[in-house]
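The values are calculated or read from the model by the stated rules, or taken from the named source; none is laboratory data. A quick note: this is a predicted structure, and the numbers were derived from the prediction, not measured. We place every Cβ from the backbone using ideal geometry, glycine too, and count neighbours over all the protein chains shown. Quick note on the areas: whole protein, heavy atoms, side chains included, nothing else; ligands and nucleic acids left out. Shrake-Rupley method; radii C 1.70, N 1.55, O 1.52, S 1.80 Å.
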Amino acid sequence: MRRYLLILMIIVTTGLFALKNWKVYTNTTHIFDVIESGNELQIATWGGLVSYDLSSGSYGKKLTSIDGLSSNDIRSLDYFDESGEILIGTADSGVDRIANDDFVTPITETLGLKSNIVNKIAHNDSLIFVATKLGLSCFKDEPEFPFPLLINNYDVGNGLSTNNITSLQIAESGYIFCGSDSGLDIVHVDSMDTEANWYHFNAENSIFPSSIINDIAIRDNYIAIGTTGGLVVSHLPTFQWLLYDDLFGSTTVSIFPIYIDSAHQIFAGVGYWDELKLDVIDSTDIAAFQFSYGQIQKIWSDTEMNLNNTQVMGFKEIEGTLVAYTWGDGLLLYDGSDWSLPQKTNSLLSNTIKALVLDKQNKLWITDGHKGSTATPKGTRGVSSFDGNTWQNYTAKNSDLRSNNIYSICVDENNRKWFGAWGSNSTQNWQNGISVFDDMNNLWDNVTTDNGIGNNTISFLTVDKQNRIWICSYGGSTGYITILDDSFEYVTSFELFEPMDLNDMDPNYIFFSEEKIYFGGWLSGLRIWNDTSDPITNEEYWSKTPFTDNLQGGRIFDIISRNIDNEEIWVASGSGLFMYNGEDWYKYGPHIKKKVWDGNDWFWSEDIPNAEYWYYEGQERLYGSISTYPTALFVDPFGMIWIGTQDAGITIFDTGRDKFINLTTENTPLISNTITALAYEPITGTLYIGTNSGMNSVEIGISAAMNEEKDLFETIVYPNPFYPENGDILRIENKGAITMPEGNTYCRIFDLNGDMVMEIGKDIYEQFSWDGLNKAGKKCGSGIYLYVVSAPDGQTSKGKIVLIR
């Protein structure tokens, strides 16, 4: 947590890229594990750690990577009652530890952990057992050390049947149970280092119906094993197994998850966990069942458990109440007869962001589709909207959305949202085509080939100045571009100029400049209609770039324009970053700063060092010198280019100063280095950043033209005292408002003699900031200073500043 605070202060002190109020948005309704800690539940999700207050029945604090988690994808939890320490097993970063509400040294491969890919955690007294993809690790928690000490690692060479342990439980008697796709391994904690003391049960040497162990449950001396072939139970300390493979008649079912309550009743679900698909696979209509005395007592369907196309991931008994946690519907509570409605966090639908767009009321809309008809592990959940406080989610099940695989989105001048679906899926009951949503009146419409579009596989949507919708249909001979008016009436259609494959049309992007229309393909690169009229297939206005490499093929991700002295067109493609200024084409890269197309070749002053084309020694470079490509572009209110990349985070390019600054997961709270979309909300100056692991937001500043504040309230000053030598920047802000009053509001700073040492104009946040220098550019000495903020209409606010050198 402290790491990010330090780095953000460094960024602020540059005076170039002041970034504040970073936030992380992830989905937290998909739950892997739940533990009880005090009067709270700690909930492990694929989007962070969430607490649930048992007394109020409400969700509380959420921890993500911005708070100090090594990874937001949390797979397992464990809790030490005596110390209150929480162990957090992650999908790729080992085990985080929280003690006394602070993060302490994690358990990782550096400390000897077999693998940072953690499946399960359990403890026995001071021994911590971590089941990983590459084996089982045992650590001892030593109070005099700042971290647990490795005792030993176990794999197929010294006890295990296989390395990838997916289930882990420890009995009160000290026996450890390790489940995997190769069966069940059992050993007592006191004899783990003797390989002969390990017991192995599988389909070959026991009554187990399958060697694939889905889940393990232990309560007192009772043990239940869920396999892909049925249920196996036993009473410890003997291992005399009883098999129930005919729970539902002649149909063999896979059992997952499984749990034993305090009355020794078994609660279980049907299906199995598929790690590649990140889903519970279940072909039955059974959500869960209750089993005791050798037979099923109750069966619940999805409807009876109030599940919305999701599956149960596990059960916990909390203060006499059975809690089911699910993969998508949060928590369900069982009162002995009925299940509650899902208790879900208010969050976006998934953690894979495809597109971001702001509507006419500055509400953010998010899609998570992909180029394909099947569901993806972390996406294809539908559409989310966000008003700055509350999420609203739309799916093919809870609304008239045609599909959860929404690949493209646009907003027309009537503030209707157009959602383009990619492909149909009969298994999911998804339909391709376009859904049109008027959220103000809760009205839905549909656009399909019946309206004249090429086909129903929609790759891109945009709106022109006449409020006409331009629709890119992808694939085959019908993959062309159609224009509809705002009443859904057909206007015209045309094909992409000279596509790479005439039998597989691939229009994928459209951008309207002042004098031309730019079209991007998935494989065909950039095509240009050199006019503002509606394009016609193969007419004379069509052209390609003058160079045959790079932009004449490949995928176009984004196109933007910037107008300083003249209009510039910036293109993000799989071949790199390009800019066209109306006369020349330029290409930017991490190794050679800039090249210009001279009509025959790319020129970059190869023989004579030139700072215009070469990076000078020590200069930060595009993409941080990583070989990658741009995926998203944005021009901020101050003319700087924000460049999202495939795997190197974001580069901010200040062309006026010839400076680059790179934002990554290493030096900012970015949730991922894979950037998929950028969207800017101009009223608050918030930039939304879509990634493949969730969404960030950060305030980057607003233009003076967007400042509509009238009132000067009480001003607040922080940090106060402030230490310029430590890199502090003093902030003077209008309390309770986003900005200072509009217009010529200024701040004067005086010493105690009444001499004015500095007059400050508003910064990029339309507030005030001071670096401790006077109007001559020299350092002000330590002492007390007075400030007066004055608005154009005579409003003032005063205060004191303590400066310490």
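Give the shape of the stretch 246-329 as rounded, prolate or oblate, defined through the alpha-carbon gyration tensor: a ≥ b ≥ c are the square roots of its eigenvalues, a/c under 1.5 means rounded, and otherwise the shape is prolate if a/b is larger than b/c and oblate if not.
On the way: a/c = 1.65, a/b = 1.14, b/c = 1.45.
It comes out oblate by the Cα gyration axes.
Please report the projected area of the stretch 133-176's Cα convex hull averaged over all directions, in nm². All intermediate terms of the calculation are to be shown ahead of the outcome.
Values: hull surface 15.9 nm².
So the mean shadow area of the Cα hull is 4.0 nm².
Put the Cα centre of the stretch 332-358 next to the Cα centre of the stretch 425-464 and the gap is 25 Å. The mean of 1/r over all distinct Cα pairs in the chain, once inverted, gives the Kirkwood hydrodynamic radius of 29.7 Å.
Evaluate the stretch 731-791: find the radius of gyration of its Cα atoms, find its Kirkwood radius, and give the ratio Rg to Rh. Provide the component values of the computation, followed by the final result.
Numbers: Rg = 11.8 Å, Rh = 12.2 Å.
When Rh is taken as the Kirkwood radius, the ratio is 0.97.
Normalising the Debye intensity of the stretch 257-411 to I(0), with uniform scatterers on Cα atoms only, and taking log10 at q = 0.11, 0.12 Å⁻¹ returns -0.51, -0.60. Rounded to whole Å, the principal axis extents of the Cα atoms in the stretch 571-655 read 32, 32, 26, largest first.
Inter-label distance, ASP755 to ASP181: 7.7 nm, where each label sits 7 Å from its Cα along the C-beta direction.
Measuring nothing but how far apart in sequence close Cα pairs (under 8 Å, 6+ apart) lie, relative to its length, the stretch 250-372 scores a relative contact order of 14 percent. For the chain, the Cβ-based charge dipole about the Cα centre amounts to some 1100 debye (Lys, Arg positive; Asp, Glu negative; other atoms uncharged).
Take the Cα of ASN441, step 7 Å toward its Cβ, do the same at ASN530, and the gap between the two points is 4.4 nm.
In this structure the amide hydrogen of ILE213, modeled in the peptide plane, comes within under 5 Å of the amide hydrogens of SER180, ASP181, SER182, GLY183, none closer than 5 places in sequence on its chain.
Calculated on C-alpha atoms, the gyration radius of the stretch 108-156 divided by its Kirkwood radius gives an Rg/Rh of 0.95. The simple Förster model, with R0 at 41 Å and r as the Cβ-Cβ distance, assigns ASN309 and TRP241 a FRET efficiency of 0.75. Scalar couplings 3J(HN,Hα) for the stretch 141-147, obtained by applying the Karplus form with A = 6.51, B = -1.76, C = 1.60 to θ = phi - 60°, are 7, 9, x, 7, 9, x, 8 Hz; x denotes Gly and Pro.
Work out the length of the dipole vector of the stretch 179-279 about its Cα centre, built from +1 on the beta-carbon of each Lys and Arg and -1 on the beta-carbon of each Asp and Glu, and round it to the nearest 20 debye. Let's see the in-between values first.
Details: 2 positive and 14 negative charges, 60 e Å.
Approximately 280 debye in magnitude.
Tell me the volume per residue, in Å³, of the convex hull enclosing the alpha carbons of the stretch 128-238. Don't skip to the end; give the middle numbers.
Numbers: hull volume 11.5 nm³, N = 111.
Hull volume normalised by residue count: 103 Å³.
Take the Cα of PHE248, go 7 Å toward its beta carbon, and the backbone nitrogen atoms of the stretch 212-242 under 15 Å from that spot belong to 227-231.
Quick one: which of LYS61/LYS762; LYS354/LYS397; LYS114/LYS277; LYS61/LYS114; LYS61/LYS735; LYS20/LYS516 span more than 29 angstrom between C-alpha atoms? In this structure, LYS61/LYS762; LYS61/LYS114; LYS20/LYS516 exceed 29 Å between Cα atoms. Residue by residue, the stretch 584-596 carries 3J(HN,Hα) couplings of 10, 9, 10, 10, 10, x, x, 10, 10, 4, 8, 10, 10 Hz when phi is fed to the Karplus relation 6.51 cos²θ - 1.76 cosθ + 1.60 (θ = phi - 60°); x denotes Gly or Pro. Simple rule: put +1 on each Lys or Arg Cβ and -1 on each Asp or Glu Cβ in the chain, find the dipole, and look at VAL189, LEU633, LEU348; the Cα lying farthest toward the positive end is LEU633. Annotation: TRP300 carries an accessible surface of approximately 20 Å², with a 1.4 Å probe and no ligand, DNA or RNA atoms counted. Rolling a 1.4 Å probe across the protein heavy atoms gives the stretch 404-538 an accessible surface of 39 Å² per residue.
Here the stretch 573-615 is treated as a Stokes sphere of Kirkwood radius computed over C-alpha pairs; at 37 °C and 0.692 mPa s its diffusion coefficient rounds to 304 µm²/s. Rg then Dmax, both in Å and based on the Cα atoms of the stretch 653-702: 11.8, 33. Rg then Dmax, both in Å and based on the Cα atoms of the stretch 609-721: 16.5, 54. Shape summary: the stretch 159-205 maps onto an equivalent ellipsoid whose semi-axes, from the alpha-carbon gyration tensor, are 16, 12, 9 Å in decreasing order. If the segment from THR655 to LYS544 were pulled out straight at 0.36 nm per residue, it would be longer than the present Cα-Cα gap by 37.3 nm.
When you work out D = kT/(6 pi eta Rh) for the stretch 655-748 at 37 °C and 0.692 mPa s, using the Kirkwood radius from C-alpha pairs as Rh and the Stokes-Einstein form, the result is 203 µm²/s. Per the Debye calculation on the stretch 30-101 with a single equal scatterer at every Cα and no solvent contribution, log₁₀ I(q)/I(0) for q = 0.26 Å⁻¹ amounts to -1.27.
Phi-derived couplings, Karplus 6.51 cos²θ - 1.76 cosθ + 1.60 at θ = phi - 60°, listed residue by residue for the stretch 322-334: 7, 10, 9, 10, 10, 9, x, 10, x, 10, 10, 10, 10 Hz, with x used for Gly and Pro.
Computed as a quarter of the hull surface, the mean projected area of the alpha carbon convex hull for the stretch 515-596 stands at 5.8 nm². Under 1.5 on a/c is rounded, so check that first for the stretch 491-641, then, if it is not, pick prolate when a/b is larger than b/c and oblate when it is not; a ≥ b ≥ c are the square roots of the alpha carbon gyration tensor eigenvalues. Cα axes put the stretch 491-641 in the prolate bin. Here the sum of -39500 (n - 2.57) over DSSP H runs of 4 or more residues, divided by the residues of the chain, equals -500 deg cm²/dmol at 222 nm, to the nearest 500. Carbon-plus-sulfur accessible fraction, the stretch 443-566 (probe radius 1.4 Å, protein heavy atoms only): 42%. The calculated FRET efficiency for the pair SER234 and GLU617, based on their C-beta separation and a Förster distance of 51 Å, comes to about 0.15. For the peptides 378-386, 538-546, 161-169, 733-741, the ranking by mean Cβ contacts within 10 Å, running from highest to lowest, is 378-386, 161-169, 733-741, 538-546.
Based on the Stokes-Einstein relation at 25 °C and a viscosity of 0.890 mPa s, and on the Kirkwood radius from alpha carbon pairs, the stretch 357-402 is assigned a translational diffusion coefficient of 211 µm²/s. Taking the average, over residues, of other Cβ atoms within 10 Å as the packing measure, peptides 412-423, 280-291 rank 412-423, 280-291 from highest down. Rolling a 1.4 Å probe over the protein heavy atoms gives the stretch 210-342 an accessible area of 42 Å² per residue.
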